[in-house]
Each structure stands twice: as C-alpha cells, then as structure tokens.
Amino acid sequence: MVLLAGPQLLDWASSPPHLQFNRYVLTGYRPASPVRDCVRSLFYLHNELLNIYSHGIPLLCFMVLLPLAIPWPQISVPWLAVAHYLACVSPQLGSVLYHLFMNHEGGARVYRKLLTLDMCGVCMVNTLGALPIIYVTLLCYPWLRASALLGYALLSSYVTFSALTARSNLTRLRAFAGQACVRSAFFLLRWRGLGSGSPSSLRHYVTMDALAALGGLINVGRLPERLRPGRFDYWLNSHQIMHVLVVGSLLCLHWGVLADLTWISNNVAACQTHH
C-alpha cells in the first residue's frame, strides 16, 4: 500500500463529539469529509487505518475463498452453508463501512446509521453463525431441532433490538450474553455425548467464543491504551486487537462448520435410523 499525504489530522479534543468515544486515543482523527475523501483515507495514515484493513483484507479473502472452500457436492443441507457464508462476511463488511465512513461530513446522523450497520453485522454472525451448530447438534431429533432453531431466532430478535439500542460498548457486549449461553449449552451437549456433530468441531467452536469474548473484553477495557494514553493511537490499540481476534474467531467458526457440514452427509442416514 502506498501512503499518500493526507489532510491535517485532529486531536481528540478537536474531533467531532460523536467520535470522542475513546479518550485514550489522543491523535490521528480524520476531519469531516465527503465520500470521496473518506475513500481517499485508505491511502494515508490515521488512527482508523488499521481498523479498516484488519477487516477489509480478510473480508475480500472470505468473499472469494470461502465459497471455494465449501465442498458443495458433499453438503446435503445447502442453506446451512449459505447461512454460514453470510455469517462470516456480514460483520466484516459492516465494520469496514463503519470505520471507513465514520468521519463523513454528514456528522452524527450518518455516524449513527453506520454504527447501526456495523452492529447488524455483529448480530448476523451471532444469529446465522449458530444455526449450523444447533442444527447439527440436534440432527437426530427433528422436532426438538426445529423448536431450538425457532427459539434461538426469537432470542436473536430480542438481542438485536437490545444491541441496536445500547448506549455503550459494555451494554452492547452484555446484549450478546444470552446467545453465548445458548451456544455454550449446545457445546455442553456435544461434550457429554448427548448431541451429534463432527468430533473435531467442538474445539473450534469453544476457541471461537473464547476469542470473541476476549476481544470484546479488551475493547471494553480500552487496553492497552488506557495504560499509556497516546502511545497506541495508530497501532495496536484495543479496537484493533479486537479486530484481529474477531478474524481468528470467524476462522474457527468456519473450520467447525465445515467439519459439521461434511459430517452431516456421512451420518444423516444413521440419525434417521436412530429416530
């Protein structure tokens, strides 16, 4: 990437109030800009540059490579693969648009819309990402499986509303606790041998949620910039670390779901016999 000369960057106190959400990042804020200049900010250094690229590059890789990595002829439930694809792409797409255009000259009104779009992406991965897990875990129990999927969809609707109306990062993080508890219950079913699925997928799912939770806590705690304000304005602040952990979490989700989708094709007949 070739870095160009950018506009005069602002400090925290001079940036618009709606961008003053991390008082430990002291410099590097872009001035209010039209769409063209927001896009131009891809090519000069500022405090959102790594946030854009840490999700932008993985987004392009996921969009292109993930469909090629899914063995479509071996999958007996294609809609699960489609849900998985959307779950992996949505949060990164929303994040890139949010961070790229958050300094738009439209001000707080545009910023709120971008934040809503970003949170919708997070809600989609928490909703669609869990559907293959629930489906495969209860593969041998069709009626219970259908009820669980419906119940999780209703829970996700409430969580989405709570996340979109939250007024702080901590409140948003808490909004997803219910979904995390439900996923943990299905992980427990698998661990105890009461649920079905690929033997290799459980460790990927547990790692997935651990990375996501760790990233959320680091972001809420504003670490490490809280310890050295101004030292991590451009590189390695809490939100950037969270982005990297989120990408790792999505990769774990992909590996787990891929193993499960292949497992379904090889074991659905045995489940039908069991049922």
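The values are calculated or read from the model by the stated rules, or taken from the named source; none is laboratory data. Keep in mind it's a predicted model, so treat the numbers as computed, not measured. Ideal geometry is used to build each Cβ from the backbone, glycine not excepted, and the neighbour counts take in all protein chains shown. Ligands, DNA and RNA are stripped out before the accessible areas are found, and what is left, the full protein with its side chains, is counted by its heavy atoms. Shrake-Rupley method; radii C 1.70, N 1.55, O 1.52, S 1.80 Å.
For the chain, with every protein chain kept in place, what is the accessible area per residue (1.4 Å probe, Å²)?
With all protein chains present, the chain gives 50 Å² per residue.
Ignoring ligands, DNA and RNA, please state the percent of accessible area on the range 1-147 from carbon and sulfur, probe 1.4 Å.
Here carbon and sulfur together make up 71 percent of the probe-accessible area.
Treating only the Cβ of Lys, Arg, Asp and Glu as charged (+1, +1, -1, -1), what charge dipole size does the range 1-143 show about its Cα centre? Round to the nearest 20 debye.
Value, rounded to 20: 180 debye.
Residue farthest toward the positive end of the dipole of the range 200-272, with Cβ of Lys/Arg at +1 and Asp/Glu at -1: which of 223, 246, 213?
Projecting each Cα onto the dipole axis, the largest value belongs to 223.
Report, in debye and to the nearest 20, how large the dipole of the chain comes out about its Cα centre when Lys and Arg carry +1 and Asp and Glu carry -1 on their Cβ.
480 debye
Name the residues of the range 114-147 whose amide N is less than 16 Å from a point 7 angstrom out from the Cα of residue 82 along the C-beta direction?
Answer for the range 114-147: 128-129, 131-132.
Quote the FRET efficiency, to the nearest 0.05, computed for residue 110 versus residue 5 with a Förster distance R0 of 25 Å and r equal to the Cβ-Cβ distance.
Approximately 0.45, to the nearest 0.05.
Can you compute the FRET efficiency between residue 36 and residue 72 using 1/(1 + (r/R0)^6), with r the Cβ-Cβ distance and R0 = 35 Å? Round to the nearest 0.05.
With a Förster radius of 35 Å, E is 0.30.
Which trypsin sites (Lys or Arg not before Pro) in the range 133-180 sit in a loop by DSSP (not H, G, I, E or B) and have at most 16 other Cβ atoms within 10 Å of their own Cβ?
Answer by residue number: 167.
Net charge within 14 Å of residue 195 by Cβ-Cβ distance, Lys/Arg positive one each and Asp/Glu negative one each, not counting residue 195 itself?
+3
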